[in-house]
Amino acid sequence: MPTEITKAFKCDHCGKIYARKYNCVNHEAHCKKNPKNMHPCWQCAHLRKTTRTDDAENGWERIEKMGFLCAKKGIEMYSYRAEGKYFFHDITADAERMPTKCEDEETATGPPIWDSPDGVIEY
């Protein structure tokens, strides 16, 4: 049986193939191998994981949201993954996107501090 050959679109960063250009462009913006999405913060000793509890719009449900804090700069930060369609509501107004280069970066020795139980800051 003859097979129809169609145009395909390929991610410039990871090589994933898409049938629609829109889907490929959307993927490239959030691709893990995109240099714009490689944050040195993940290996930094200053990164802290934060949690906060918000009231849902219905007034009776409590929602716990996770975030990140640069302890050196005192800035709330978010990863490129939070820019996706499912996480945009977790970004606070004063949060900044994690940088791709940072002059204050200090590589953590052992497991990252933000991954330890005492690295959690509740507010």
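For this structure, a couple of remarks:
Let's see how each residue does on (1) closer than 27 Å to GLU103 by Cβ; (2) among the charged types (D, E, K, R); (3) at pLDDT 90 or above:
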| position | (1), (2), (3) |
| --- | --- |
| GLU4 | no, yes, no |
| TYR18 | no, no, yes |
| TRP42 | yes, no, no |
| ALA82 | yes, no, no |
| PHE88 | no, no, no |
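- Residue count, the stretch 36-53 (criterion: over 13 Å from MET66 (Cβ atoms) and of a type outside the set (A, V, I, L, M)): 9
- Any pair with Cβ under 6 angstrom, 6 or more apart, that starts in the stretch 71-100 at a residue that is within 18 Å of GLU28 (Cα to Cα) and surrounded by 16 or more Cβ atoms within 10 Å (Cβ to Cβ) and ends at one that is at pLDDT below 75 and of a type outside the set (A, V, I, L, M, F, W, C): ALA82/ASP90
- Residues of the stretch 55-80 that are at pLDDT below 70, assigned to a strand (DSSP E or B) and of a type outside the set (A, V, I, L, M): ASP55, ARG62.
The values are calculated or read from the model by the stated rules, or taken from the named source; none is laboratory data. Given the structure is predicted, the values throughout are model-derived calculations rather than measurements. For neighbour counting, all protein chains shown are included, and Cβ atoms are generated from backbone atoms with ideal geometry for every residue, glycine included.
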